[in-house]
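J.: Take a look at this one; I'll ask things after.
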Amino acid sequence: KGGVLNYIYNLLIKIMYNKADNIVAVSQLLANSLIMDYGIKKEKITVIYNPYDINEINMLANEEIEPTYADFLKNSNSIVSVGRLEHQKGYWHLIKSFKIVSDSIPNAKLIIIGEGQQKTRIVDLIHKLNIEKRVLMLGYQDNPFKFIKRSDVYVQTSLFEGFPNALVEAMACNKPVISTDCKSGPREILYKNSDLNNVAREIEYADYGILVPPLNDREDWSTNIEVCDKVLAQAITQVLNDNNIKIDYGNKAFERTKEFDYVRCRQKFAEIIE
């Protein structure tokens, strides 16, 4: 963002990184940035995604949930989202989209897991839209996976990301996922191969999940519904109303997470070292 320290830091990256035997980037987009923005030699860079313990996630996902929460989810079409309650996660869009969904699907429920500075604003908006009986704010949970497992679809409304861990973890729970096509991570995760410079202009049924166009990053805590909210609501409604989509994308999502398994990650690092 400018300044002497930033200049020195960027200069050191350009000089020192090229002296390394190998550089591991956690995403292709980051690798591209190293090449284009810092002049790092392409042949030195290997992309290895963040690793996840898929077996542990599945073990935790099978734990029982408290009776109160089980009753809330009973006989419902449920949506779940996990993340800090901060600007980055765009939760005002999720709440407004859910309002549209709940108007057309009477038994729709929404679970939000996480804590943050915007909690009060989120709760106020839920009350303004008169959907408080359909939304469960769980706060921080040591084991969010058991709630994801018992929901129908995972939704991520981030305005920007580095590499969205919660999205991959939801996929490991064998659940269909819907994400904004924000920078960076979602497109790279949900497509086998895609031009990372592309940006969704409508609902995209990707290889391993569903992408919706980026959301407006200007906060609006009124009851005003934007076009992007309607598009997100349409994607959610389509998944909830179609069991074939839920099953198909749930299976595809789980299959994709094998690319992020600890065993495969360790093998790739071993190959680099050897």
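The values are calculated or read from the model by the stated rules, or taken from the named source; none is laboratory data. Computed from a predicted structure; not experimentally measured. Backbone-built Cβ (ideal geometry, glycine too); neighbour counts: all protein chains shown. To get the accessible areas, we keep the full protein, side chains included, count just its heavy atoms, and leave off ligands, DNA and RNA. Shrake-Rupley method; radii C 1.70, N 1.55, O 1.52, S 1.80 Å.
J.: Report, by residue number, each residue of the range 83-120 that is touching a residue at least 40 places away in the same chain (Cβ under 8 Å) and under 11 Å from S158 (Cβ atoms).
T.: G83, H87, Q88, K89, G90, Y91, H93, L94
J.: Continuing with the same structure: Inspect all residues belonging to the range 151-163 and state whether any of them is open to solvent by less than 30 Å² (accessible area, probe 1.4 Å), in contact with a Gly (Cβ under 8 Å, 6 or more places away or on another chain) and among the aromatic types (F, W, Y).
T.: Yes, there is a match, as at least one residue in the range 151-163 is open to solvent by less than 30 Å² (accessible area, probe 1.4 Å), in contact with a Gly (Cβ under 8 Å, 6 or more places away or on another chain) and among the aromatic types (F, W, Y).
J.: Follow-up. Failed condition for N22, given (1) within 30 Å of P214 (Cβ to Cβ); (2) open to solvent by less than 60 Å² (accessible area, probe 1.4 Å); (3) of a type in the set (S, T, N, Q); (4) touching a residue at least 12 places away in the same chain (Cβ under 8 Å), with all others met?
T.: (1)
J.: While we're looking at this one, here's another question. Search the range 231-269 for residues being basic (K, R) and either at pLDDT 95 or above or within 17 Å of V80 (Cα to Cα) (or both), and hand back the single one that is most open to solvent (accessible area, probe 1.4 Å).
T.: So, considering only residues that are basic (K, R) and either at pLDDT 95 or above or within 17 Å of V80 (Cα to Cα) (or both), the one most open to solvent (accessible area, probe 1.4 Å) is K252.
J.: OK, next. Which one of these does D124 not meet: (1) part of a helix (DSSP H, G or I); (2) without any contact (Cβ under 8 Å) to a residue 24 or more places away in the chain?
T.: (2)
J.: Filter the range 113-132 down to the residues that are over 20 Å from P144 (Cβ atoms) and of a type outside the set (S, T, N, Q), then identify the one that is surrounded by the most Cβ atoms within 10 Å (Cβ to Cβ).
T.: That would be L125.
J.: Another question, then. Please determine whether any residue of the range 213-224 is buried (at least 18 other Cβ atoms within 10 Å of the Cβ) and assigned to a helix (DSSP H, G or I).
T.: no
J.: Within the range 79-90, can one find any residue that is more than 30 Å from D195 (Cα to Cα), in a helix (DSSP H, G or I) and touching a helix residue (DSSP H, G or I) at 6+ places or on another chain (Cβ under 6 Å)?
T.: Checked against the condition, which is being more than 30 Å from D195 (Cα to Cα), in a helix (DSSP H, G or I) and touching a helix residue (DSSP H, G or I) at 6+ places or on another chain (Cβ under 6 Å), the range 79-90 yields no hits at all.
J.: Suppose the filter is modelled with pLDDT under 95, among the small types (G, A, S), surrounded by 13 or more Cβ atoms within 10 Å (Cβ to Cβ) and over 21 Å from L85 (Cα atoms); does S184 pass it?
T.: Here the answer is no, as S184 does not meet what is asked.
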